[in-house]
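The structure under discussion appears below in the form of C-alpha coordinates.
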Amino acid sequence: MNDDLNFLHIDLDAFFASVEELDNPSLKGKPMVVGGRSQRGIITTANYEARKYGLHSAMPIFKAKKLCPHVIIVPTRHDKYEEMSKKVFEVLYRYSNRIEKMSIDEACLDISHINLNPTILAKKIQRDVFKSTGLTVSIGISYNKSLAKMASDWNKPQGVKIITKDMVPGILLNLPIGKIAGIGKKSEEKFHKMGIYKVKDLMQINKEMLEYHFGKLGLVVYDRIRGVDNRQVETTRKRKSIGIERTFSEDIYNKDDIKNKILEFSMDLSKELKSRKIIGKTISIKIKFNDFKVITRSITLENPRNDFEEIYHKACYLLDNIKLEKPIRLLGVAMANLQKDNIIQLSFM
Ligand code: TTP
Ligand code: MG
(Lines give C-alpha, C1' and ligand atoms only; values in the text may rest on other atoms or scores of the structure.)
(Ligands and ions follow the chains in the order given, each with its own letter.)
Protein backbone atom coordinates (compact mmCIF):
# COMPACT_ATOMS: atom_id res chain seq x y z
CA MET A 1 0.00 0.00 0.00
CA ASN A 2 0.99 3.60 -0.58
CA ASP A 3 2.04 4.33 2.99
CA ASP A 4 -1.52 5.49 3.78
CA LEU A 5 -1.35 8.19 1.12
CA ASN A 6 -5.02 7.69 0.28
CA PHE A 7 -6.16 11.24 -0.42
CA LEU A 8 -5.56 13.07 -3.68
CA HIS A 9 -6.68 16.68 -3.94
CA ILE A 10 -6.85 18.28 -7.35
CA ASP A 11 -7.35 21.96 -8.14
CA LEU A 12 -7.38 23.59 -11.56
CA ASP A 13 -4.88 26.36 -12.19
CA ALA A 14 -6.39 29.85 -12.62
CA PHE A 15 -9.50 28.02 -13.77
CA PHE A 16 -11.82 30.65 -15.33
CA ALA A 17 -8.86 32.54 -16.80
CA SER A 18 -7.33 29.37 -18.27
CA VAL A 19 -10.61 28.50 -19.99
CA GLU A 20 -10.68 31.98 -21.53
CA GLU A 21 -7.08 31.58 -22.71
CA LEU A 22 -7.96 28.28 -24.35
CA ASP A 23 -10.72 29.96 -26.33
CA ASN A 24 -8.58 32.96 -27.14
CA PRO A 25 -4.88 32.05 -27.14
CA SER A 26 -3.85 35.66 -27.82
CA LEU A 27 -4.61 36.32 -24.13
CA LYS A 28 -1.80 34.00 -23.06
CA GLY A 29 1.16 35.68 -21.43
CA LYS A 30 -0.75 38.94 -20.96
CA PRO A 31 -2.17 40.07 -17.63
CA MET A 32 -5.85 39.16 -17.73
CA VAL A 33 -8.67 38.86 -15.26
CA VAL A 34 -12.13 37.40 -15.52
CA GLY A 35 -14.87 39.48 -13.96
CA GLY A 36 -17.45 42.22 -14.29
CA ARG A 37 -16.65 44.86 -16.84
CA SER A 38 -18.17 47.73 -14.91
CA GLN A 39 -16.16 49.83 -12.48
CA ARG A 40 -18.05 48.27 -9.60
CA GLY A 41 -17.29 44.76 -10.74
CA ILE A 42 -14.92 42.43 -8.98
CA ILE A 43 -12.40 39.89 -10.22
CA THR A 44 -13.43 36.23 -10.10
CA THR A 45 -9.89 35.17 -10.94
CA ALA A 46 -6.64 36.50 -12.39
CA ASN A 47 -4.29 34.60 -14.69
CA TYR A 48 -0.77 34.03 -13.40
CA GLU A 49 0.61 36.95 -15.41
CA ALA A 50 -1.84 39.33 -13.70
CA ARG A 51 -1.00 37.85 -10.29
CA LYS A 52 2.53 39.20 -10.73
CA TYR A 53 0.97 42.64 -10.37
CA GLY A 54 -0.83 41.62 -7.19
CA LEU A 55 -4.20 41.04 -8.82
CA HIS A 56 -6.36 38.33 -7.25
CA SER A 57 -9.89 36.98 -6.79
CA ALA A 58 -12.41 39.28 -5.10
CA MET A 59 -10.38 42.41 -5.88
CA PRO A 60 -12.46 45.28 -7.31
CA ILE A 61 -11.77 45.92 -11.00
CA PHE A 62 -10.98 49.60 -10.38
CA LYS A 63 -8.20 48.56 -8.03
CA ALA A 64 -6.88 46.04 -10.52
CA LYS A 65 -6.70 48.77 -13.15
CA LYS A 66 -4.72 50.94 -10.81
CA LEU A 67 -2.21 48.20 -10.11
CA CYS A 68 -2.01 47.10 -13.74
CA PRO A 69 -3.42 49.67 -16.19
CA HIS A 70 -3.01 47.41 -19.24
CA VAL A 71 -4.88 44.47 -17.67
CA ILE A 72 -7.34 42.76 -20.02
CA ILE A 73 -10.79 42.19 -18.52
CA VAL A 74 -12.82 39.29 -19.86
CA PRO A 75 -16.48 38.86 -18.88
CA THR A 76 -17.44 35.77 -16.88
CA ARG A 77 -19.07 32.85 -18.75
CA HIS A 78 -20.33 30.41 -16.15
CA ASP A 79 -21.89 27.94 -18.60
CA LYS A 80 -18.57 27.46 -20.32
CA TYR A 81 -16.75 26.87 -17.02
CA GLU A 82 -19.40 24.34 -15.93
CA GLU A 83 -18.95 22.50 -19.21
CA MET A 84 -15.16 22.35 -18.82
CA SER A 85 -15.45 21.35 -15.18
CA LYS A 86 -17.65 18.43 -16.21
CA LYS A 87 -15.02 17.28 -18.67
CA VAL A 88 -12.34 17.37 -15.98
CA PHE A 89 -14.51 15.32 -13.60
CA GLU A 90 -15.12 12.77 -16.36
CA VAL A 91 -11.37 12.20 -16.48
CA LEU A 92 -11.20 11.88 -12.70
CA TYR A 93 -13.95 9.24 -12.63
CA ARG A 94 -11.69 7.05 -14.77
CA TYR A 95 -9.45 6.80 -11.71
CA SER A 96 -11.79 6.57 -8.77
CA ASN A 97 -15.50 6.31 -8.10
CA ARG A 98 -14.95 7.81 -4.70
CA ILE A 99 -14.77 11.49 -5.55
CA GLU A 100 -15.90 14.45 -3.51
CA LYS A 101 -16.59 17.55 -5.54
CA MET A 102 -15.40 20.42 -3.37
CA SER A 103 -16.15 23.17 -5.89
CA ILE A 104 -16.33 23.79 -9.63
CA ASP A 105 -12.55 23.34 -9.96
CA GLU A 106 -11.63 21.19 -7.00
CA ALA A 107 -12.05 17.57 -5.99
CA CYS A 108 -10.80 15.09 -3.45
CA LEU A 109 -10.29 11.49 -4.54
CA ASP A 110 -9.99 8.39 -2.45
CA ILE A 111 -7.09 6.59 -4.13
CA SER A 112 -6.67 3.81 -1.59
CA HIS A 113 -7.34 1.17 -4.25
CA ILE A 114 -4.79 2.44 -6.77
CA ASN A 115 -1.46 0.70 -6.57
CA LEU A 116 0.72 3.26 -8.24
CA ASN A 117 3.52 5.43 -6.99
CA PRO A 118 1.68 8.65 -5.99
CA THR A 119 3.91 10.95 -8.04
CA ILE A 120 3.43 8.81 -11.14
CA LEU A 121 -0.32 8.75 -10.51
CA ALA A 122 -0.48 12.54 -10.08
CA LYS A 123 1.50 13.15 -13.28
CA LYS A 124 -0.67 10.68 -15.15
CA ILE A 125 -3.84 12.50 -14.04
CA GLN A 126 -2.30 15.86 -14.98
CA ARG A 127 -1.50 14.52 -18.45
CA ASP A 128 -4.96 13.02 -18.92
CA VAL A 129 -6.77 16.19 -17.83
CA PHE A 130 -4.57 18.23 -20.16
CA LYS A 131 -5.14 15.84 -23.07
CA SER A 132 -8.93 15.95 -22.63
CA THR A 133 -9.35 19.64 -21.86
CA GLY A 134 -6.15 21.61 -22.44
CA LEU A 135 -6.29 22.71 -18.78
CA THR A 136 -3.58 22.33 -16.18
CA VAL A 137 -4.09 21.21 -12.60
CA SER A 138 -2.16 21.06 -9.37
CA ILE A 139 -2.29 17.96 -7.24
CA GLY A 140 -1.65 17.24 -3.59
CA ILE A 141 -1.45 13.79 -2.06
CA SER A 142 -1.43 12.99 1.61
CA TYR A 143 -2.72 10.75 4.37
CA ASN A 144 -5.68 12.98 5.14
CA LYS A 145 -8.03 15.34 3.39
CA SER A 146 -6.89 18.73 4.68
CA LEU A 147 -3.20 18.00 4.12
CA ALA A 148 -3.94 16.83 0.57
CA LYS A 149 -5.73 20.13 -0.06
CA MET A 150 -2.87 22.10 1.37
CA ALA A 151 -0.44 20.13 -0.77
CA SER A 152 -2.35 20.87 -3.98
CA ASP A 153 -1.82 24.57 -3.29
CA TRP A 154 1.89 24.08 -2.56
CA ASN A 155 3.53 24.84 -5.87
CA LYS A 156 0.90 26.02 -8.28
CA PRO A 157 0.59 25.99 -11.26
CA GLN A 158 1.05 22.41 -12.47
CA GLY A 159 2.42 21.41 -9.10
CA VAL A 160 2.58 17.99 -7.53
CA LYS A 161 3.22 17.79 -3.81
CA ILE A 162 3.17 14.85 -1.48
CA ILE A 163 3.00 15.23 2.28
CA THR A 164 3.90 12.13 4.24
CA LYS A 165 3.43 11.54 7.97
CA ASP A 166 7.05 12.14 8.87
CA MET A 167 6.91 15.63 7.27
CA VAL A 168 4.25 16.84 9.73
CA PRO A 169 4.18 19.15 11.61
CA GLY A 170 7.63 20.40 10.47
CA ILE A 171 6.57 21.33 6.96
CA LEU A 172 3.64 23.36 8.27
CA LEU A 173 5.41 25.46 10.87
CA ASN A 174 6.38 28.40 8.67
CA LEU A 175 3.08 28.58 6.81
CA PRO A 176 0.85 31.60 7.34
CA ILE A 177 -2.21 30.47 9.32
CA GLY A 178 -4.52 31.42 6.42
CA LYS A 179 -3.24 28.33 4.58
CA ILE A 180 -4.88 26.02 7.11
CA ALA A 181 -8.18 24.73 5.74
CA GLY A 182 -10.94 26.12 7.93
CA ILE A 183 -9.26 29.42 8.75
CA GLY A 184 -11.09 32.02 6.69
CA LYS A 185 -10.46 35.75 6.40
CA LYS A 186 -12.33 36.64 9.60
CA SER A 187 -10.69 34.13 11.91
CA GLU A 188 -7.34 34.94 10.31
CA GLU A 189 -7.76 38.58 11.35
CA LYS A 190 -8.74 37.52 14.85
CA PHE A 191 -5.62 35.38 15.14
CA HIS A 192 -3.49 38.27 13.84
CA LYS A 193 -4.88 40.49 16.59
CA MET A 194 -3.69 37.89 19.07
CA GLY A 195 -0.21 38.06 17.53
CA ILE A 196 -0.55 34.70 15.79
CA TYR A 197 0.66 34.75 12.20
CA LYS A 198 2.29 31.45 11.49
CA VAL A 199 1.47 27.84 12.25
CA LYS A 200 4.39 27.71 14.66
CA ASP A 201 2.71 30.51 16.67
CA LEU A 202 -0.49 28.48 16.71
CA MET A 203 1.37 25.44 17.99
CA GLN A 204 2.08 27.29 21.23
CA ILE A 205 -1.61 27.72 22.04
CA ASN A 206 -3.21 24.97 24.05
CA LYS A 207 -6.46 23.25 23.16
CA GLU A 208 -8.57 24.89 25.88
CA MET A 209 -7.44 28.36 24.86
CA LEU A 210 -8.23 27.71 21.21
CA GLU A 211 -11.66 26.39 22.13
CA TYR A 212 -12.29 29.34 24.41
CA HIS A 213 -11.56 31.88 21.67
CA PHE A 214 -12.73 30.04 18.56
CA GLY A 215 -15.14 27.34 19.75
CA LYS A 216 -15.44 24.32 17.48
CA LEU A 217 -13.14 25.86 14.87
CA GLY A 218 -10.43 26.16 17.51
CA LEU A 219 -10.55 22.42 18.15
CA VAL A 220 -10.49 21.65 14.44
CA VAL A 221 -7.48 23.92 13.92
CA TYR A 222 -5.71 22.34 16.90
CA ASP A 223 -6.00 18.94 15.20
CA ARG A 224 -5.31 20.09 11.63
CA ILE A 225 -1.92 21.63 12.36
CA ARG A 226 -0.92 18.38 14.02
CA GLY A 227 -1.96 16.41 10.93
CA VAL A 228 -5.12 15.00 12.50
CA ASP A 229 -8.17 14.87 10.24
CA ASN A 230 -10.40 11.81 10.27
CA ARG A 231 -12.81 12.91 7.57
CA GLN A 232 -13.41 10.55 4.69
CA VAL A 233 -14.02 11.39 1.06
CA GLU A 234 -17.77 12.02 0.84
CA THR A 235 -18.77 10.56 -2.46
CA THR A 236 -20.99 13.03 -4.23
CA ARG A 237 -21.98 10.73 -7.06
CA LYS A 238 -22.38 7.02 -6.90
CA ARG A 239 -23.26 5.42 -10.19
CA LYS A 240 -25.48 2.43 -9.79
CA SER A 241 -25.13 1.18 -13.33
CA ILE A 242 -23.69 1.96 -16.71
CA GLY A 243 -25.61 0.94 -19.77
CA ILE A 244 -26.24 1.41 -23.44
CA GLU A 245 -29.85 1.82 -24.48
CA ARG A 246 -31.37 2.73 -27.82
CA THR A 247 -34.78 3.14 -29.43
CA PHE A 248 -34.73 1.88 -33.02
CA SER A 249 -36.00 3.88 -35.93
CA GLU A 250 -37.86 0.71 -37.01
CA ASP A 251 -39.06 -2.05 -34.68
CA ILE A 252 -37.12 -5.31 -34.85
CA TYR A 253 -38.53 -8.77 -34.51
CA ASN A 254 -35.93 -11.17 -35.85
CA LYS A 255 -33.90 -12.73 -33.06
CA ASP A 256 -30.64 -12.66 -35.04
CA ASP A 257 -31.09 -8.94 -35.61
CA ILE A 258 -31.62 -8.45 -31.89
CA LYS A 259 -28.49 -10.46 -31.13
CA ASN A 260 -26.53 -8.36 -33.58
CA LYS A 261 -27.63 -5.29 -31.66
CA ILE A 262 -26.66 -6.96 -28.39
CA LEU A 263 -23.24 -7.64 -29.86
CA GLU A 264 -22.83 -3.99 -30.81
CA PHE A 265 -24.09 -2.71 -27.42
CA SER A 266 -21.89 -5.15 -25.49
CA MET A 267 -18.81 -3.90 -27.30
CA ASP A 268 -19.71 -0.27 -26.59
CA LEU A 269 -20.50 -1.04 -22.96
CA SER A 270 -17.27 -2.96 -22.43
CA LYS A 271 -15.29 -0.09 -23.95
CA GLU A 272 -17.03 2.40 -21.68
CA LEU A 273 -16.41 0.29 -18.56
CA LYS A 274 -12.77 -0.24 -19.48
CA SER A 275 -12.16 3.44 -20.11
CA ARG A 276 -13.56 4.20 -16.63
CA LYS A 277 -11.66 1.24 -15.17
CA ILE A 278 -14.84 -0.19 -13.73
CA ILE A 279 -15.90 -3.80 -13.41
CA GLY A 280 -19.35 -5.06 -12.54
CA LYS A 281 -21.17 -8.14 -11.36
CA THR A 282 -24.69 -7.75 -12.66
CA ILE A 283 -25.51 -7.79 -16.37
CA SER A 284 -28.99 -6.86 -17.45
CA ILE A 285 -30.98 -6.38 -20.59
CA LYS A 286 -34.05 -4.29 -21.10
CA ILE A 287 -36.57 -4.69 -23.86
CA LYS A 288 -39.47 -2.45 -24.74
CA PHE A 289 -42.03 -4.00 -27.07
CA ASN A 290 -43.94 -2.00 -29.63
CA ASP A 291 -46.91 -1.88 -27.25
CA PHE A 292 -44.55 -0.15 -24.73
CA LYS A 293 -44.47 -3.13 -22.38
CA VAL A 294 -41.05 -3.21 -20.72
CA ILE A 295 -39.17 -6.30 -19.56
CA THR A 296 -35.83 -6.36 -17.75
CA ARG A 297 -33.83 -9.44 -16.88
CA SER A 298 -30.56 -9.66 -15.06
CA ILE A 299 -27.93 -12.15 -14.03
CA THR A 300 -25.27 -11.79 -11.36
CA LEU A 301 -21.80 -13.19 -11.97
CA GLU A 302 -19.54 -14.84 -9.46
CA ASN A 303 -16.74 -12.37 -10.17
CA PRO A 304 -16.93 -8.82 -11.53
CA ARG A 305 -16.03 -8.45 -15.23
CA ASN A 306 -16.02 -5.87 -17.98
CA ASP A 307 -14.99 -7.85 -21.05
CA PHE A 308 -17.27 -7.79 -24.03
CA GLU A 309 -17.42 -11.60 -24.44
CA GLU A 310 -18.91 -12.09 -20.98
CA ILE A 311 -21.38 -9.25 -21.39
CA TYR A 312 -22.43 -10.50 -24.83
CA HIS A 313 -22.88 -14.15 -23.81
CA LYS A 314 -24.81 -13.37 -20.66
CA ALA A 315 -27.01 -10.82 -22.41
CA CYS A 316 -27.83 -13.41 -25.13
CA TYR A 317 -28.60 -15.99 -22.46
CA LEU A 318 -31.03 -13.53 -20.87
CA LEU A 319 -32.60 -12.83 -24.25
CA ASP A 320 -33.06 -16.55 -24.93
CA ASN A 321 -35.16 -16.79 -21.80
CA ILE A 322 -37.57 -14.07 -22.84
CA LYS A 323 -40.63 -14.91 -24.91
CA LEU A 324 -40.41 -12.53 -27.86
CA GLU A 325 -44.09 -12.15 -28.52
CA LYS A 326 -44.06 -8.78 -30.28
CA PRO A 327 -41.62 -6.60 -32.25
CA ILE A 328 -39.32 -4.58 -30.04
CA ARG A 329 -38.70 -0.85 -30.25
CA LEU A 330 -36.01 -0.41 -27.60
CA LEU A 331 -33.12 -2.49 -26.38
CA GLY A 332 -30.67 -1.90 -23.54
CA VAL A 333 -27.67 -3.72 -22.09
CA ALA A 334 -26.30 -2.58 -18.74
CA MET A 335 -23.81 -3.45 -16.04
CA ALA A 336 -24.64 -2.85 -12.37
CA ASN A 337 -23.10 -3.74 -9.00
CA LEU A 338 -20.08 -1.73 -10.03
CA GLN A 339 -16.67 -1.47 -8.49
CA LYS A 340 -13.35 0.06 -9.39
CA ASP A 341 -10.91 -2.17 -11.23
CA ASN A 342 -7.86 -2.14 -9.00
CA ILE A 343 -5.31 -2.86 -11.62
CA ILE A 344 -4.21 0.28 -13.37
CA GLN A 345 -1.73 -0.94 -15.89
CA LEU A 346 1.47 0.98 -16.17
CA SER A 347 1.58 0.13 -19.85
CA PHE A 348 -1.41 2.44 -20.41
CA MET A 349 0.58 5.47 -19.42
P1 TTP B 1 -9.67 28.95 -7.16
O2 TTP B 1 -9.30 27.52 -7.34
O3 TTP B 1 -9.65 29.53 -5.80
O4 TTP B 1 -8.74 29.87 -8.06
P5 TTP B 1 -8.15 29.62 -9.51
O6 TTP B 1 -8.46 28.25 -10.02
O7 TTP B 1 -8.59 30.72 -10.41
O8 TTP B 1 -6.60 29.78 -9.28
P9 TTP B 1 -5.58 28.78 -8.56
O10 TTP B 1 -4.59 28.40 -9.62
O11 TTP B 1 -4.96 29.56 -7.47
O12 TTP B 1 -6.37 27.61 -8.07
O13 TTP B 1 -11.13 29.17 -7.73
C14 TTP B 1 -11.62 28.50 -8.87
C15 TTP B 1 -12.49 29.42 -9.70
O16 TTP B 1 -13.58 29.89 -8.92
C17 TTP B 1 -11.78 30.65 -10.19
O18 TTP B 1 -11.11 30.44 -11.43
C19 TTP B 1 -12.85 31.66 -10.27
C20 TTP B 1 -13.89 31.25 -9.25
N21 TTP B 1 -13.81 32.12 -8.05
C22 TTP B 1 -14.74 33.15 -7.92
O23 TTP B 1 -15.63 33.31 -8.74
N24 TTP B 1 -14.63 33.97 -6.82
C25 TTP B 1 -13.65 33.83 -5.87
O26 TTP B 1 -13.58 34.62 -4.91
C27 TTP B 1 -12.72 32.76 -6.02
C28 TTP B 1 -11.61 32.57 -5.00
C29 TTP B 1 -12.84 31.95 -7.12
MG1 MG C 1 -8.13 26.57 -8.81
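The values are calculated or read from the model by the stated rules, or taken from the named source; none is laboratory data. This is a predicted model, so every value here is computed, not measured. Backbone-built Cβ (ideal geometry, glycine too); neighbour counts: all protein chains shown. For the accessible areas, the whole protein counts, side chains as well, though only heavy atoms, and no ligand, DNA or RNA atoms are used. Shrake-Rupley method; radii C 1.70, N 1.55, O 1.52, S 1.80 Å.
Here are the numbers for the structure shown:
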{"item": "Condition met for G54 (over 22 Å from the mean Cα position of the chain (by Cα), surrounded by fewer than 16 Cβ atoms within 10 Å (Cβ to Cβ), over 25 Å from E234 (Cβ atoms) and within 16 Å of ligand 1 (Cβ to nearest atom))", "result": "yes"}
{"item": "Residue check for K149: at pLDDT below 95 and within 16 Å of ligand 1 (Cβ to nearest atom)", "result": "no"}
{"item": "Matching entry among A151, A122, A181 (being in contact with a strand residue (DSSP E or B) (Cβ under 7 Å, 6 or more places away or on another chain), under 17 Å from E100 (Cβ atoms) and of a type in the set (A, V, I, L, M))", "result": "A151"}
{"item": "Those strands (runs of 3 or more DSSP E) lying entirely in the range 250-349 with at least 3 residues among the hydrophobic types (A, V, I, L, M, F, W, C) and buried (at least 16 other Cβ atoms within 10 Å of the Cβ)", "result": "278-289, 328-340"}
{"item": "Odd one out for Q232, checked against (1) open to solvent by less than 70 Å² (accessible area, probe 1.4 Å); (2) polar (S, T, N, Q); (3) within 22 Å of the chain's Cα centre (by Cα)", "result": "(1)"}
{"item": "Residue identified as closer than 24 Å to I180 by Cα, open to solvent by less than 10 Å² (accessible area, probe 1.4 Å) and of a type in the set (S, T, Y) among S96, S152, S103", "result": "S152"}
{"item": "G178 surrounded by 13 or more Cβ atoms within 10 Å (Cβ to Cβ) and not hydrophobic (A, V, I, L, M, F, W, C)", "result": "yes"}
{"item": "Per-region count, the range 120-135, residues open to solvent by less than 50 Å² (accessible area, probe 1.4 Å) and not hydrophobic (A, V, I, L, M, F, W, C)", "result": "5"}
{"item": "Where a residue in the range 279-298 is of a type in the set (A, V, I, L, M) and its partner, wherever it lies, is crowded, with 17+ Cβ neighbours inside 10 Å and assigned to a loop (DSSP other than H, G, I, E, B), with Cβ under 8 Å and at least six apart", "result": "I279/N306; I279/D341"}
{"item": "Number of the condition not met by F7 [criteria: (1) more than 16 Å from ligand 2 (Cβ to nearest atom); (2) among the aromatic types (F, W, Y); (3) not assigned by TED's automatic domain parsing to the domain that holds L92]", "result": "(3)"}
{"item": "Check on A64, open to solvent by less than 50 Å² (accessible area, probe 1.4 Å), under 28 Å from M150 (Cβ atoms) and touching a Gly at 6+ places or on another chain (Cβ under 9 Å)", "result": "yes"}
{"item": "Every residue from the range 44-64 that is closer than 17 Å to K30 by Cα and among the charged types (D, E, K, R)", "result": "E49, R51, K52"}
{"item": "Given (1) in contact with a Ser or Thr (Cβ under 6 Å, 6 or more places away or on another chain); (2) open to solvent by 50 Å² or more (accessible area, probe 1.4 Å); (3) not hydroxyl-bearing (S, T, Y), number of the condition R224 does not satisfy", "result": "(2)"}
{"item": "All positions within the range 199-220 that are open to solvent by less than 80 Å² (accessible area, probe 1.4 Å) and either in the same structural domain as S142 (by TED's automatic domain parsing) or not hydrophobic (A, V, I, L, M, F, W, C) (or both)", "result": "D201, H213, G215, G218"}
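Here's the yes/no breakdown for (1) within 15 Å of ligand 2 (Cβ to nearest atom); (2) within 25 Å of the chain's Cα centre (by Cα); (3) under 24 Å from N155 (Cα atoms); (4) assigned to a loop (DSSP other than H, G, I, E, B):
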residue	(1), (2), (3), (4)
T45	yes, yes, yes, no
A50	yes, no, yes, no
H70	no, no, no, yes
N115	no, yes, no, yes
